1. Do you know which of the residues in the range 132-150 that are hydrophobic (A, V, I, L, M, F, W, C) and buried (at least 24 other Cβ atoms within 10 Å of the Cβ) is nearest to the ligand (Cβ to nearest atom)?
2. Given the structure, is Val77 surrounded by 15 or more Cβ atoms within 10 Å (Cβ to Cβ) and β-branched (Val, Ile, Thr)?
3. Taking helices (runs of 4 or more DSSP H) that do not extend beyond the range 206-304, which have at least 3 residues that are within 10 Å of the ligand (Cβ to nearest atom) and surrounded by fewer than 16 Cβ atoms within 10 Å (Cβ to Cβ)?
4. Take the range 18-37 and flag every residue that is surrounded by fewer than 17 Cβ atoms within 10 Å (Cβ to Cβ) and under 30 Å from Leu308 (Cβ atoms).
5. Every residue in the range 38-55 that is more than 22 Å from Arg304 (Cα to Cα), within 16 Å of the ligand (Cβ to nearest atom) and among the hydroxyl-bearing types (Ser, Thr, Tyr), please.
6. Looking at Trp325, is it within 17 Å of the chain's Cα centre (by Cα), within 16 Å of the ligand (Cβ to nearest atom) and among the aromatic types (Phe, Trp, Tyr)?
7. Does the range 132-166 hold any residues that are within 16 Å of Gly9 (Cα to Cα) and within 15 Å of the chain's Cα centre (by Cα), and which are they?
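The values are calculated or read from the model by the stated rules, or taken from the named source; none is laboratory data. If you're wondering where the values come from, they're calculated on a predicted model, not measured in any experiment. In this analysis, Cβ positions are derived from the backbone assuming ideal geometry, glycine residues included, and neighbour counts consider all displayed protein chains.
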Amino acid sequence: MPLNVHIIGAGSYLPERVLTNHDIESMLDTTDEWIVARTGISQRHIVGKDQHTSDLAVWAARHALDDAGLKITDIDVILVATTTPDMIFPSTASIVQYKLGGEGFPTWDIQAVCSGFVYALAQMDGMMRAGMFRRALVIGAESMSRILDWNDRSTCVLFGDGAGAVVLEAREEEGGIIGSVIHSDGAHRHLLMAHHPHPGASPADDPLDFHVDSAGVAAVEMRGNEVFRMAVGKLGELVEEITGKHGIEQSEIDWLVPHQANFRIIQATAKKLKMPMDRVALTVSKHANTSAASVPLALDDLYREGKLKTGDLLLFEAFGAGFVWGANLVRWSRAC
Ligand code: COA
């Protein structure tokens, strides 16, 4: 019997500190009105001193394991999608394995920036269908605040920190991840980037103290307008591609779970799908753009609110630097 890869648990974690637009008004020449009107963002969570990306990932993983009724010893592999690893090496996934008390099984990170979680699900789906692993922890985790220039109002207002996780299980029953499409085009790499060394601020520091001059490194740089146009265009093509590939009518999709970069980008994709906004997972106003963590955070938010029913058809989509973009179609296997 062919195997299908099901989401059997979900969880997330946000650092305690909340930075509102009004807080940023006192740091920079910006306003709550400007940020809300252009992006839909009202606040973001920010890691504290001594808080690492792996710490966020560990809490999200614990919540997802609890939700699945499993322990770390039941897991065969950990994949962490992150663009803000604790250090260049070892991988954040190895550190997460250690902090969760696991050992022996394989772990690695995947770097596809804001599309990292969608890429990770696509990769793990293929490997698990082929019989390599039975149960996996797939985590998206970021401390974006550590690679921002907190003097640059055009970028620092856009991002936040957090983590989301799912537990996957390969089973013979129908459902789960139906399929994925992933793409990349490095010709646009200069439109959105962060230079080495990485990460920009040491986890021992408070990220809000970090800016380009003091750290001597370049932080996130972006040509926002061009990124915006490309994101809307590519995400529109993507929804056509994934539904066409799997013979699904767009009207069959119950929930859109998009990357949470900007409310207007999400709205454009929902419009393309003719989906009302009350069928769209929306966390951008409270989480901002948490890069690889944003799709699993939005998924967990929807799940915790009790909105997902067993058998619902979900579309995950994301777009990020590179550019890289991708989507997964998922039949929800969990009960409410
Ligand atoms: N507060 C107040 N003014 C700001 C500001 C802020 N936080 N950031 C930028 N501005 C100013 C600019 O300096 C510019 O001023 P000028 O006209 O005097 O030069 C003006 O606002 C317009 O800037 P512009 O970049 O054209 O605005 P925009 O409408 O494109 O909105 C973004 C900017 C970043 C919100 C928007 O381009 C965007 O969301 N892009 C996509 C970003 C994204 O999703 N990235 C991640 C993809 S994974």
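1. Of the range 132-150, the ones hydrophobic (A, V, I, L, M, F, W, C) are 132-133, 136-139, 141, 144, 147-148, 150.
Then keep just the ones that are buried (at least 24 other Cβ atoms within 10 Å of the Cβ); that gives 136-139, 141, 144, 147-148.
Numbers: Ala136: 25, Leu137: 24, Val138: 20, Ile139: 19, Ala141: 16, Met144: 10, Ile147: 13, Leu148: 12 Å.
Checking each candidate, the answer is Met144.
2. On the way: surrounded by 15 or more Cβ atoms within 10 Å (Cβ to Cβ): yes; β-branched (Val, Ile, Thr): yes.
So Val77 fits the description; yes.
3. Result: 224-245.
4. Val18, Thr20, Val36
5. Within the range 38-55, Thr39 is the sole residue that qualifies.
6. Details: within 17 Å of the chain's Cα centre (by Cα): yes; within 16 Å of the ligand (Cβ to nearest atom): yes; among the aromatic types (Phe, Trp, Tyr): yes.
Taking the combined requirement at face value, the residue satisfies it.
7. Leu137, Val138, Ile139, Gly140, Ala163, Gly164, Ala165, Val166 - these are the residues of the range 132-166 that are within 16 Å of Gly9 (Cα to Cα) and within 15 Å of the chain's Cα centre (by Cα).
Quick grid of which residues meet (1) modelled with pLDDT of 95 or more; (2) within 19 Å of the chain's Cα centre (by Cα); (3) over 14 Å from Thr20 (Cβ atoms):
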{"site": "Thr31", "(1), (2), (3)": "yes, no, no"}
{"site": "Val36", "(1), (2), (3)": "yes, no, no"}
{"site": "Asp50", "(1), (2), (3)": "no, no, yes"}
{"site": "Thr53", "(1), (2), (3)": "yes, yes, yes"}
{"site": "Leu56", "(1), (2), (3)": "yes, yes, yes"}
{"site": "Trp59", "(1), (2), (3)": "yes, yes, yes"}
{"site": "Ala64", "(1), (2), (3)": "yes, yes, yes"}
{"site": "Gly69", "(1), (2), (3)": "yes, no, yes"}
{"site": "Ile72", "(1), (2), (3)": "yes, no, yes"}
